[in-house]
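Notes follow once the structure below has been shown.
The values are calculated or read from the model by the stated rules, or taken from the named source; none is laboratory data. Treat the numbers as computed from the prediction; the structure is a model and nothing was measured. Quick reminder, even Gly has a Cβ in these numbers, built from the backbone with ideal geometry, and neighbours come from all protein chains shown.
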Amino acid sequence: VPVADRGLHYGDGLFETIAVVAGQPCLWDRHLSRLRLGCERLAIPVTDPAQLRREADTLCRGVERGVLKLLLTRGEGGRGYRPPLEPVPRRILSLHPWPDHPSTSWQQGVRIRWCDTPLGLNPRLAGIKHCNRLEQVMARAEWSDPGIAEGLMCDADGQVVEGTQSNLFLWRGGELLTPSLARCGVAGIGRGLLMELAGESAIRVREGAVSRDQVMAADGLLLSNALIGVWPVAALGEHNFDPAHYPRDLLARMMERIHLP
Ligand SMILES: Cc1ncc(COP(=O)(O)O)c(C=O)c1O
């Protein structure tokens, strides 16, 4: 990668982290839609999806289980921050081992905590998976206990938004509530899929403002991500949630669906 790449200098780019199962990138169309949305927001020319798919397929061939990271930067150039008028985006595809999360997490639940690092508010960057991830880096540096699987982050106004690498759902009274991502946060592929599956199971899903008090008062919490699928939360700090309350069918359907092409 040339030293002049703007991804390196300014985080001027986008990325997707994609599960690979049996040689196939999972949920490809959804990942590409989010990448396209990011390109439109940042005015980075959209790469031909067929070309990206060919490159992804070549890399994933023969891989039983892994992670494909697709990075798209604005490429080189421009004077200072000012982007070049005719950028030539750079594609970086890399293959990584499957993360060693316990396979039982989705049944037994995980322990999580609160993070202190706040998320800045910027509706123009909200939802897309751009390369500026310093907030998540700072939040993830807040703990080193391997028994804590995730940390929850609030925005600068104190509203709950998401985990450092996952989206959050509150389960209460047989309904799901997930924080609005209009002002910050990443609109996860896992989040979108879980919302659809809940709809198919006639479980109502609302998006809206979520306070810390609402989180603590929930019957349970769920975390979603394109690699893990869904994790029920067994404990947030000292507060335990009763696993018996979780919508087991929905979780099982999500785990079945998340790793399909
Ligand atoms: C900050 C953040 N939010 C949410 C997610 C979940 O996104 P997805 O479901 O697309 O994996 C991620 C994934 O890495 C993330 O980094």
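Every test in (1) within 20 Å of residue 135 (Cα to Cα); (2) more than 9 Å from the ligand (Cβ to nearest atom); (3) crowded, with 18+ Cβ neighbours inside 10 Å; (4) of a type outside the set (Ser, Thr, Tyr) is passed by residue 182 save one, and that test is (3).
Mind checking whether some residue in the stretch 221-229 is in contact with a strand residue (DSSP E or B) (Cβ under 6 Å, 6 or more places away or on another chain), among the polar types (S, T, N, Q) and within 14 Å of the ligand (Cβ to nearest atom)? Checking the stretch 221-229: at least one residue is in contact with a strand residue (DSSP E or B) (Cβ under 6 Å, 6 or more places away or on another chain), among the polar types (S, T, N, Q) and within 14 Å of the ligand (Cβ to nearest atom). Which of the residues that make up the stretch 77-104 are farther than 24 Å from residue 31 by Cα and either of a type in the set (A, V, I, L, M, F, W, C) or surrounded by 10 or more Cβ atoms within 10 Å (Cβ to Cβ) (or both)? Correct list: 77, 78, 83, 84, 85, 102. Residues in the stretch 97-141 that are assigned to a strand (DSSP E or B) and either among the polar types (S, T, N, Q) or within 13 Å of the ligand (Cβ to nearest atom) (or both) were compared, and the one that is farthest from residue 211 (Cα to Cα) is 130.
Taking the numbered list (1) at pLDDT 95 or above; (2) within 20 Å of residue 5 (Cβ to Cβ) in turn, residue 136 passes all entries but (2).
Any residue at all in the stretch 15-22 that's at pLDDT 95 or above, in a helix (DSSP H, G or I) and of a type in the set (Phe, Trp, Tyr)? There is no residue in the stretch 15-22 that is at pLDDT 95 or above, in a helix (DSSP H, G or I) and of a type in the set (Phe, Trp, Tyr). Between 94, 144, the distinction of being outside any helix (DSSP H, G or I), of a type in the set (Gly, Ala, Ser) and within 29 Å of residue 56 (Cα to Cα) belongs to 94 only. Has the stretch 142-150 got any residue that is crowded, with 23+ Cβ neighbours inside 10 Å and either under 14 Å from the mean Cα position of the chain (by Cα) or β-branched (Val, Ile, Thr) (or both)? Yes, the stretch 142-150 contains at least one residue that is crowded, with 23+ Cβ neighbours inside 10 Å and either under 14 Å from the mean Cα position of the chain (by Cα) or β-branched (Val, Ile, Thr) (or both). Test residue 257 against the criterion of being part of a helix (DSSP H, G or I), surrounded by fewer than 19 Cβ atoms within 10 Å (Cβ to Cβ) and basic (Lys, Arg), and give yes or no. Judged against the criteria, residue 257 is a match. Condition check: touching a Lys or Arg at 6+ places or on another chain (Cβ under 9 Å), aromatic (Phe, Trp, Tyr) and surrounded by 15 or more Cβ atoms within 10 Å (Cβ to Cβ). Does residue 28 satisfy that? When the stated conditions are applied, residue 28 passes them.
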